[in-house]
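One structure is given below, encoded as structure tokens.
The values are calculated or read from the model by the stated rules, or taken from the named source; none is laboratory data. Quick caveat: nothing in here was measured; it's all calculated off a predicted structure. All Cβ positions, glycine included, derive from the backbone under ideal geometry; neighbour counts span all protein chains shown. Ligands, DNA and RNA are stripped out before the accessible areas are found, and what is left, the full protein with its side chains, is counted by its heavy atoms. Shrake-Rupley method; radii C 1.70, N 1.55, O 1.52, S 1.80 Å.
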Amino acid sequence: MLHLLEYWAARLALFGVDLLPPPAAARWAAGLGSLWWTADRPRRRVAISNILRAGLAGDARQARAIGRGAASNMGMVLVESMKSSLVLDDPERLRVDIPGDVAAVLEDPDRGLIVVSGHFGNWEIAGQWLSRYKPVAGISRPMNNPRVQELALGRRQRRAFRMIPKYDPDPGRFLKLLGDGEILALLVDQHARQGIDVPFFGHPAKTHTTAAMLHLVARTPLTFAVCRRTAPMTFELSLSPLIEQQRSGDRNADAEAILRTLNSLLEEAIRRDPDQYLWGHRRWR
């Protein structure tokens with residue numbers, strides 16, 4: 001019954017998306033996200049706890065305000081991803097800052113690239129824009145609600161951006177696509193059962209090592225991306241200079257150093273716009 005209610009709520013959201021002009025549709029989705037914040041008590045508790053733990057709010061009232069804004073952000077992410085052609089083809093809606101060393105990799109068809117980000121701003125817009133250079137593969141796990149997943153996948157505009165399963169029996173699939181000169185897009189801010197503890201806002205957080213290990217083993221260039229919303233349907237996309245880790249001979253220590261850098265870059269983006277981050281997942285366990 002819950003899945004059915006979620007499905008029809010998503011259909012209602014899409015009705016507004018199709019009926020309204022893009023900026024108004026984004027505001028409509030933001031309102032639905034705020035409504036979801038009010039209704040989903042368990043997620044609300046997790047978000048408030050996370051915001052307070054990160055030290056980004058002085059009290060629960062401030063944390064609730066940030067959390068509600070983050071829920072509205074997630075609603076806008078859905079709309080913007082489905083209306084992405086309006087953003088991707090308009091330089092006034094998407095300003096891009098790419099360092100020269102990253103641009104050289106993007107323009108070389110034979111070199112793969114690992115692009116790391118977090119659930120901040122609109123990470124899907126970033127992936128879709130980068131796919132103008134070369135194919136982009138993002139990692140995903142199936143949604144808990146298969147009806148909503150089918151609806152979302154059928155509506156999103158992908159270009160050369162595709163999603164591949166998080167779990168797959170082929171251990172060499174990432175190496176293969178990087179060897180083919182593609183981009184592997186990874187989000188590193190979900191709890192990793194088999195990860196390593198790396199500080200996130202001053203607290204140890206189990207962090208996935210895939211990006212760091214691929215960089216160390218395959219020597220594939222690595223960068224961090226932030227796609228920050230400046231207004232509805234308007235963004236600033238920035239990539240860091242290539243992250244280079246001096247190899248010490250201790251691969252685990254080198255991987256941890258890389259992950260510390262990635263977490264630090266994500267923290268910097270979140271501190272600037274805390275209401276553009278997905279606070280509702282249990283980052284610390």
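Under 1.5 on a/c is rounded, so check that first for segment 233-278, then, if it is not, pick prolate when a/b is larger than b/c and oblate when it is not; a ≥ b ≥ c are the square roots of the alpha carbon gyration tensor eigenvalues.
Values: a/c = 4.23, a/b = 2.22, b/c = 1.91.
Prolate shape, in that a/c is at least 1.5 and a/b is the bigger ratio.
Taking Cα atoms, how many degrees apart are the long axis of helix 251-272 and the longest axis of the chain, rounded to 10 and kept between 0 and 90?
Value to nearest ten degrees: 30.
Between beta-carbons, use under 15 Å as the cut-off and find the net charge around residue 204, counting Lys and Arg +1, Asp and Glu -1.
Working: positive: 53, 193, 206, 260, 282, 283, 285; negative: 189, 197, 256, 267.
In short, +3.
To the nearest 10 degrees, how steeply does helix 2-19 sit against the main Cα axis of the chain, on a 0 to 90 scale?
Approximately 90 degrees, to the nearest ten.
Would you kindly state the longest site-free stretch of the chain, with sites defined as GluC sites (Glu not before Pro) in a DSSP loop (not H, G, I, E, B) surrounded by at most 12 other Cβ atoms within 10 Å? The partial results should precede the final answer.
Details: sites that count: 92, 107, 244.
By the stated rule (loop sites, at most 12 other Cβ atoms within 10 Å), 108-243.
Once the other residues with Cβ under 14 Å from the Cβ of residue 285 are scored (Lys, Arg +1; Asp, Glu -1), what is the net sum? Spell out each step's value before the answer.
Working: positive: 53, 193, 206, 282, 283; negative: 189, 197.
Taking every Cβ under 14 Å from that of residue 285, the sum is +3.
Mind checking which lysines have their C-alpha under 21 Å from residue 176, skipping anything on the same chain fewer than 8 residues away?
Straight-distance partners of residue 176: 134, 166.
Got a sec to turn the phi values of segment 70-84 into Karplus ³J(HN,Hα) couplings, 6.51 cos²θ - 1.76 cosθ + 1.60 with θ = phi - 60°, whole Hz, x for Gly and Pro?
5, 5, 5, 4, 5, x, 5, 4, 4, 5, 5, 5, 7, 10, 5
Excluding residues fewer than 8 places away in the same chain, name every one of the aspartates and glutamates whose C-alpha is closer than 14 Å to that of residue 206.
189, 197, 256
Counting only protein heavy atoms and using a 1.4 Å probe, what share of the accessible area of segment 8-136 belongs to carbon plus sulfur, as a whole percent? Walk me through the numbers on the way to the answer.
Numbers: 3300 of 5900 Å².
So the carbon and sulfur contribution to the accessible surface is 56 percent.
For segment 79-136, what does the alpha-carbon gyration tensor say about shape, rounded, prolate or oblate, given a ≥ b ≥ c as the root eigenvalues, a/c under 1.5 as rounded, and a/b over b/c as prolate? If you can, show how the numbers build up before the last one.
Numbers: a/c = 1.86, a/b = 1.61, b/c = 1.15.
Prolate is the answer for segment 79-136, as a/c is 1.5 or above and a/b outweighs b/c.
Helix 22-39: angle to the longest alpha-carbon principal axis of the chain, degrees 0 to 90, nearest 10?
That helix lies at roughly 80 degrees to the long axis.
In Å, the Kirkwood hydrodynamic radius of segment 194-285 over pairs of distinct alpha carbons?
This gives a value of 14.5 Å.
Under 20 Å from a label point 7 Å along Cα→Cβ of residue 180: give me every residue in segment 102-122 with its amide N that close.
Within reach of a label on residue 180: 105-116.
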